[in-house]
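**Q** Shown below is the structure under consideration.
The values are calculated or read from the model by the stated rules, or taken from the named source; none is laboratory data. These figures come from a predicted structure and were not determined experimentally. Cβ coordinates were reconstructed from backbone atoms using ideal geometry, including for glycine residues, and neighbour counts include every protein chain displayed.
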Amino acid sequence: MWWKTLSVLLVLYALAVGMFVPLKPGIAYVSPETAKSGDSLRLTLHGYNTYYTRSRAEEIRVWLQFDSAQAVMGKNLRILSDTTLEASFILPADLPRSRPSVMLNAILDHPSDGVSLLPSAVEIKRDTTANSRTSWNQNPVQSLHIIKDFSFPYRNVIYESIRNTFYHVPRWFALMFLFAASVLSSVRFLLSKKLDFDRRASALAEAGLLFGIMGLVTGMLWANYTWGAPWSNDIKQLMTAVVLLIHLAYFILRRSFDEPEKGARLSAVYNIFAFASLIPLLYIVPRMFASLHPGSTGNPAFGSQDLDNTMRMVFYPAILGFTGIGFWLAQLRTRAKRVEDRMIGLD
Amino acid sequence: MLLTLLHKEFLLEFRQRYALSGIVLYVFSMVFVVYIASIKVNAQVWNVLFWLIVLFASINAVVKSFVQESGSRQLYYYQIADPSMLLLAKIIYNTLLLLTLSGLSFGAYSLVAGNPVKDMPLFCLTVGLGSVGFSIAFTFIASIAAKANNSATLMAILSFPVILPILLTLVRLSQIALRLIQDTSYKRDIINLLAIDVILLTLTFVLFPFIWKD
């Protein structure tokens, strides 16, 4: 059928484009990372996916920025290689806030690479004896080169693993669709008493469980890279474990009856009951606890600031593709179960 | 009708007193284990252990509600009474039973491990809401598990994931009552808990007709 071909093509598209499209140029780190106010600082910027040599040093501009109005511009730029660049900053004597130290963002504007940013790149400590002629609002960050090309955003901490967005998150979407379809089949079984609906419900739950385990594994790989440990008792990880437990319990319940009709009926009831108890689990409980996931501190949804337009072009097809494959798997399992039941004379 | 059914539940309990006394003994054994395992319990651990004791005592207390009477006698009840009324009577009876059990556990537990509760009204409210939630979920699961061959194991497996959202909210509320965390907006948690209870109770009535008819 057309939707099976389409979902395979969409998953292949998500794999190919998601893996091969490069990241936008970024700043990996700068050295030194601390300075005192009033210093004249020689800063080395280390880029990632950058081609600094493609334009002349005079065309590249660098800032150490505090906020949209207050920044210091770098002078005497020297390009050492495609990924390293030196610039001198004469820091003002005073800090923009009356604190002992402030964090500054490094911003680099390149005519062909575009803009790259490293948040909290340099820490400036207050030196009360310093004197310097520069001030914070002489050279505000402006007239940047915004390059629109087909590449994924460069984010600190996650770096290249941003690609996992296309393989981790769509699996949760697929899981939710599959479980919702499974519960719907259970309802239809209870209303019609046709064993076919029960087979479909359990097949959809099996496919959902598979996607749940894959989502958990991809999530744990990602967590190991970005949070430092595969399991950190994040509330969403706990909730996931519970979702999987519910469906494992469902499969155990199915197998603990002698009469297939009774087992089908009672497990259908449990499927509906457990799904209803999932709603508070997924939408109320995560709001009560802090989470490491994006859009955390209460919002279980995927924030709009976490995706840019290039990522959307891979992310949405990936959701459709993985969901389609899940339903295909469930359909195959339903047919296999029907054949098994016919062989033992059940249907 | 409801009152007659409720009366029947109490009568049943009163005549086979071993069930209730067994559960009470269970609670005291658990509390005693806590006592010999660690004399000094800090408030964080106190909270977790308290809910563990109440959770397992509740599961054990409710699991018998459908297996203590034979299948044919159950069928007889369903013929002479409205099945959902029968279920409601069992839920109300189990709520009262669990309230008694939680009260007993709290008494015995605070005797051996001290009583760190700072906000007693909130703690009592939490325990009360917990008993209602546990009673609804466990009674319904018990009615499913009673139909299967290995009902005791199945009861624990089936009820754990279903009860978890309630349990997490309860632990959080009692942490507030113990002043382990500061949160003034706990009224929202109480409303969440009530909402979960209403959802589960509604579903219980919608789904029970599919369970009792064999």
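**Q** Is at least one residue of segment A:195-216 among the acidic types (D, E), in contact with a strand residue (DSSP E or B) (Cβ under 9 Å, 6 or more places away or on another chain) and either buried (at least 23 other Cβ atoms within 10 Å of the Cβ) or more than 14 Å from chain B (Cβ to nearest Cβ) (or both)? Steps first, answer last, please.
**A** So the first thing to find is which residues in segment A:195-216 are among the acidic types (D, E), and the list is A:196, A:198, A:206.
Going one step further and asking which of them are in contact with a strand residue (DSSP E or B) (Cβ under 9 Å, 6 or more places away or on another chain), we end up with none.
For segment A:195-216, residues among the acidic types (D, E), in contact with a strand residue (DSSP E or B) (Cβ under 9 Å, 6 or more places away or on another chain) and either buried (at least 23 other Cβ atoms within 10 Å of the Cβ) or more than 14 Å from chain B (Cβ to nearest Cβ) (or both): absent.
**Q** Yes or no: B:W46 in contact with a Pro (Cβ under 7 Å, 6 or more places away or on another chain) and not polar (S, T, N, Q)? Before the answer, list the steps.
**A** On the way: in contact with a Pro (Cβ under 7 Å, 6 or more places away or on another chain): yes; not polar (S, T, N, Q): yes.
So B:W46 passes the test.
**Q** Let me ask you something else. Under the condition of being touching a Pro at 6+ places or on another chain (Cβ under 8 Å) and surrounded by 15 or more Cβ atoms within 10 Å (Cβ to Cβ), which residue from segment A:222-242 is farthest from B:P161 (Cα to Cα)? Even if it seems obvious, please write down each step before you answer.
**A** Kept after step one, since they are touching a Pro at 6+ places or on another chain (Cβ under 8 Å), are these residues of segment A:222-242: A:223-224, A:235-236, A:239, A:242.
From what's left, surrounded by 15 or more Cβ atoms within 10 Å (Cβ to Cβ): A:223, A:235-236, A:239, A:242.
Numbers: A:A223: 24, A:I235: 14, A:K236: 14, A:M239: 9, A:V242: 6 Å.
Residue satisfying both the conditions and the ranking: A:A223.
**Q** The conditions are (1) in contact with a Ser or Thr (Cβ under 8 Å, 6 or more places away or on another chain); (2) more than 29 Å from A:R163 (Cα to Cα), and A:P96 fails exactly one of them. Which is it?
**A** (1)
**Q** I'd like to know if segment A:20-27 contains one or more residues that are touching a strand residue (DSSP E or B) at 6+ places or on another chain (Cβ under 6 Å) and surrounded by fewer than 16 Cβ atoms within 10 Å (Cβ to Cβ).
**A** Scanning segment A:20-27, I find no residue that is touching a strand residue (DSSP E or B) at 6+ places or on another chain (Cβ under 6 Å) and surrounded by fewer than 16 Cβ atoms within 10 Å (Cβ to Cβ), so the answer is no.
**Q** Any chance segment B:167-180 includes a residue that's of a type in the set (G, A, S) and either within 11 Å of another protein chain (Cβ to nearest Cβ) or more than 22 Å from B:F56 (Cβ to Cβ) (or both)?
**A** Of segment B:167-180, the ones of a type in the set (G, A, S) are B:174, B:177.
If we keep only those that are either within 11 Å of another protein chain (Cβ to nearest Cβ) or more than 22 Å from B:F56 (Cβ to Cβ) (or both) too, we end up with none.
Within segment B:167-180 (the criterion being of a type in the set (G, A, S) and either within 11 Å of another protein chain (Cβ to nearest Cβ) or more than 22 Å from B:F56 (Cβ to Cβ) (or both)), the answer is no, since none of the residues qualifies.
**Q** Determine, yes or no, whether B:R172 is basic (K, R), free of Cβ contacts under 8 Å to residues at least 12 places away in the same chain and either out of contact with any helix residue (DSSP H, G or I) (no Cβ under 8 Å at 6 or more places or on another chain) or farther than 26 Å from A:S267 by Cα (or both).
**A** Numbers: basic (K, R): yes; free of Cβ contacts under 8 Å to residues at least 12 places away in the same chain: no; either out of contact with any helix residue (DSSP H, G or I) (no Cβ under 8 Å at 6 or more places or on another chain) or farther than 26 Å from A:S267 by Cα (or both): yes.
Taking the combined requirement at face value, the residue does not satisfy it.
**Q** Search segment B:141-165 for residues that are facing another protein chain (nearest Cβ under 7 Å) and pair each with any residue that is among the charged types (D, E, K, R) and outside any helix (DSSP H, G or I) when their beta-carbon atoms are under 8 Å apart and the residues are at least 6 apart or on different chains.
**A** B:K147/B:D214; B:N149/A:D258
Each row is one residue, and each column tells you yes or no for (1) of a type in the set (D, E, K, R); (2) in contact with a helix residue (DSSP H, G or I) (Cβ under 9 Å, 6 or more places away or on another chain); (3) within 30 Å of A:F327 (Cβ to Cβ).
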position	(1), (2), (3)
A:E59	yes, no, no
A:Q65	no, no, no
A:A69	no, no, no
A:L85	no, yes, no
A:F89	no, no, no
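Conditions tested, residue by residue: (1) more than 30 Å from B:P116 (Cα to Cα); (2) under 18 Å from the mean Cα position of the chain (by Cα).
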| residue | (1), (2) |
| --- | --- |
| B:E9 | yes, yes |
| B:S21 | no, yes |
| B:V31 | no, yes |
| B:V34 | no, no |
| B:N47 | no, yes |
| B:I53 | no, yes |
| B:F56 | no, yes |
| B:V63 | yes, yes |
| B:L75 | yes, no |
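**Q** For segment B:203-214, which positions are within 9 Å of another protein chain (Cβ to nearest Cβ) and surrounded by 12 or more Cβ atoms within 10 Å (Cβ to Cβ)?
**A** Let us first name the residues in segment B:203-214 that are within 9 Å of another protein chain (Cβ to nearest Cβ), namely B:203-204, B:206-208, B:210-211, B:213-214.
Result: B:L203, B:T204, B:V206, B:L207, B:F208, B:F210, B:I211, B:D214.
**Q** Moving on to the next point. For segment A:255-271, which positions are more than 8 Å from every other protein chain (Cβ to nearest Cβ), out of contact with any Phe, Trp or Tyr (no Cβ under 8 Å at 6 or more places or on another chain) and free of Cβ contacts under 8 Å to residues at least 12 places away in the same chain? Spell out how you get there, then give the answer.
**A** Start the filter on segment A:255-271 by keeping residues that are more than 8 Å from every other protein chain (Cβ to nearest Cβ), which leaves A:255, A:259-261, A:263-264, A:267, A:271.
Checking which are out of contact with any Phe, Trp or Tyr (no Cβ under 8 Å at 6 or more places or on another chain) leaves us with A:255, A:259-261.
If the condition is that a residue be more than 8 Å from every other protein chain (Cβ to nearest Cβ), out of contact with any Phe, Trp or Tyr (no Cβ under 8 Å at 6 or more places or on another chain) and free of Cβ contacts under 8 Å to residues at least 12 places away in the same chain, then A:R255, A:E259 are the ones that fit.
**Q** Please pick out the residue among A:T134, A:T165 that is modelled with pLDDT under 80 and of a type in the set (S, T, Y).
**A** Working: A:T165 fails: modelled with pLDDT under 80.
Within the list A:T134, A:T165, the selection yields A:T134.
**Q** From A:I246, A:I213, A:I252, which residue is in a helix (DSSP H, G or I) and without any contact (Cβ under 8 Å) to a residue 12 or more places away in the chain?
**A** Numbers: A:I246 fails: without any contact (Cβ under 8 Å) to a residue 12 or more places away in the chain; A:I213 fails: without any contact (Cβ under 8 Å) to a residue 12 or more places away in the chain.
Answer to the selection: A:I252.
**Q** Among what's in segment A:103-128 and is in a loop (DSSP other than H, G, I, E, B) and without any contact (Cβ under 8 Å) to a residue 60 or more places away in the chain, pick the residue that is nearest to A:A28 (Cα to Cα). Quick ask: steps written out before the conclusion?
**A** Step one: of segment A:103-128, the residues in a loop (DSSP other than H, G, I, E, B) are A:111-113, A:126-128.
Those left that are additionally without any contact (Cβ under 8 Å) to a residue 60 or more places away in the chain: A:111, A:128.
Numbers: A:P111: 19, A:T128: 31 Å.
Within segment A:103-128, the match that is nearest to A:A28 (Cα to Cα) is A:P111.
**Q** How many residues are over 30 Å from the mean Cα position of the chain (by Cα) and of a type outside the set (G, A, S) when one looks only at segment A:187-229?
**A** Going through segment A:187-229 one residue at a time, the tally reaches 13.
**Q** Kindly check whether there is at least one residue in segment B:94-117 that is within 14 Å of chain A (Cβ to nearest Cβ), surrounded by 20 or more Cβ atoms within 10 Å (Cβ to Cβ) and modelled with pLDDT of 85 or more. Give the steps one after another, and end with the answer.
**A** Here is the first cut: in segment B:94-117, the residues within 14 Å of chain A (Cβ to nearest Cβ) are none.
Looking for residues that are within 14 Å of chain A (Cβ to nearest Cβ), surrounded by 20 or more Cβ atoms within 10 Å (Cβ to Cβ) and modelled with pLDDT of 85 or more, one finds none in segment B:94-117, hence no.
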